[in-house]
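To start, the structure itself, in structure tokens.
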Amino acid sequence: MNAIVDSTSGARAKPAAPGWRALALRAPNGRAVLLALLPPLLGLGLLVLVWQLVSASNGNFPSPFVTWDAAVKLFADPFYSNGPNDQGIGWNILASLKRVALGFGLAALAGIPLGFLIGRSRFLAGMCNPIVSLLRPVSPLAWLPIGLLVFKAANPAAIWAIFICSIWPMIINTAVGVQRVPQDYMNVARVLNLSEWKIFTTILLPSVLPYMLTGVRLAIGTAWLVIVAAEMLTGGVGIGFWVWDEWNNLNVPHIIIAIVVIGVVGLVLEQALVALARAVTYEESGS
């Protein structure tokens, strides 16, 4: 009614506040939220149901309720310390993350520059491709004795195993990204007589970044897989050793809790890198 009065009187109608309209458009409706949450909740419910059926048919396998009760007690004090061989699950997770950070960081420092060099030089690619193809399929645990032999200690040997298994995805993806840079870009750079540093910062790095981050994301998943297996063999403090120690104590609920924790930490690491990749890359919007 007010709008009619305003139009007839010649006064300009006041538009709705753009902020509220934008918020209304962005706000997800209830049906979309339900459709997004329903499948994963049904999947988790089915998993718990199968778990309950397995525990009902096998008396040695703990039920979801027993495991939940053990988890509540375990996470009531995750950072207790009763000596080097009896520490809370929080200290064990932090020790594993520290090893992964060291091994993964060293692999990134060595693998990404090497991938750029291999991608830029056909001669270097010919030299390195057979070595990468030969060593990449080797099982992570096969590298552990080499680390023990060289470093004479369990902790650097575990970091070595993470390093050697994380480096391959970063080398391969970075090199492939460099090789797929359009030749036209490089021809323009040659015509403009750009320096190697200018080519790297203005052409190679923006083009290779999505490939490089894919390699980094694959490498972090591999590193987290390797550390659990390596710590089972090397001992000390860490989530892998904690799982093995609980197996020796026949504490199956704690083993199941550790499996869930390992999965959650791995998921968080991967999603953090996915978020980083989205933040530093761009997507072409369809017009």
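What is the calculated FRET efficiency for Val265 to Leu53, with r their C-beta to C-beta distance and R₀ = 41 Å, to the nearest 0.05? With R0 = 41 Å, the Cβ-Cβ based efficiency is 0.90. Given +1 at the Cβ of Lys and Arg, -1 at the Cβ of Asp and Glu and no other charges, the dipole of the stretch 171-287 around its Cα centre is 380 debye to the nearest 20.
Among the complete DSSP H segments of the chain, which ones combine at least 18 Å of alpha-carbon extent along their axis with a mean Kyte-Doolittle hydropathy of -0.5 or more? Span-like helices here: 30-57, 89-120, 122-135, 154-179, 205-234, 252-280. By accessible area, using a 1.4 Å probe on protein heavy atoms only, the chain has 68% of its surface on carbon and sulfur.
With a Förster radius of 22 Å, plug the Cβ-Cβ distance of Ala110 and Ala279 into 1/(1 + (r/R0)^6) and report the FRET value to the nearest 0.05. Working shown, then result.
Numbers: r = 25 Å, r/R0 = 1.11.
E(calc), rounded to 0.05, equals 0.35.
With a simple spin-label model that places each label point 7 Å from the Cα along the Cα-to-Cβ direction, the separation between Lys152 and Leu194 comes to 5.0 nm. Using a simple spin-label model with pseudo-atoms 7 Å out from Cα toward Cβ, Tyr185 and Asn29 lie 4.1 nm apart.
Note that the chain presents 64 Å² accessible area per residue, ligands and nucleic acids not counted, probe 1.4 Å.
Computed from the coordinates I sent, semi-axes √(5λ) of the Cα gyration tensor in Å equals one of [x] 38, 34, 19; [y] 29, 22, 19; [z] 43, 38, 16. Tell me the label. Checking each listed value against the structure points to [z].
Among Val178, Val260, Val243, the largest mean-square fluctuation in a Gaussian network model of the chain, built with springs joining Cα atoms closer than 10 Å, belongs to Val260. About the Cα centre of the chain, what is the dipole size in debye to 20, counting +1 per Lys and Arg Cβ and -1 per Asp and Glu Cβ, all else neutral? Computed charge dipole of the chain: roughly 940 debye.
Using C-alpha pairs below 8 Å separated by at least 6 residues, the relative contact order for the stretch 133-202 is 22 percent.
Dividing the mean sequence gap of close Cα pairs (under 8 Å, 6+ apart) by how many residues the stretch 212-281 holds gives a relative contact order of 33 percent. The relative contact order of the chain, computed from alpha carbon pairs under 8 Å that lie at least 6 residues apart in sequence, is 20 percent.
The values are calculated or read from the model by the stated rules, or taken from the named source; none is laboratory data. Note that this is a predicted model, so its numbers are computed, not measured. Methodologically, a virtual Cβ is constructed for each residue, glycine included, from the backbone with ideal geometry; neighbour enumeration extends over all protein chains shown. Accessible surface is based on the protein model in full, side chains and every heavy atom, while ligands, DNA and RNA are left aside. Shrake-Rupley method; radii C 1.70, N 1.55, O 1.52, S 1.80 Å.
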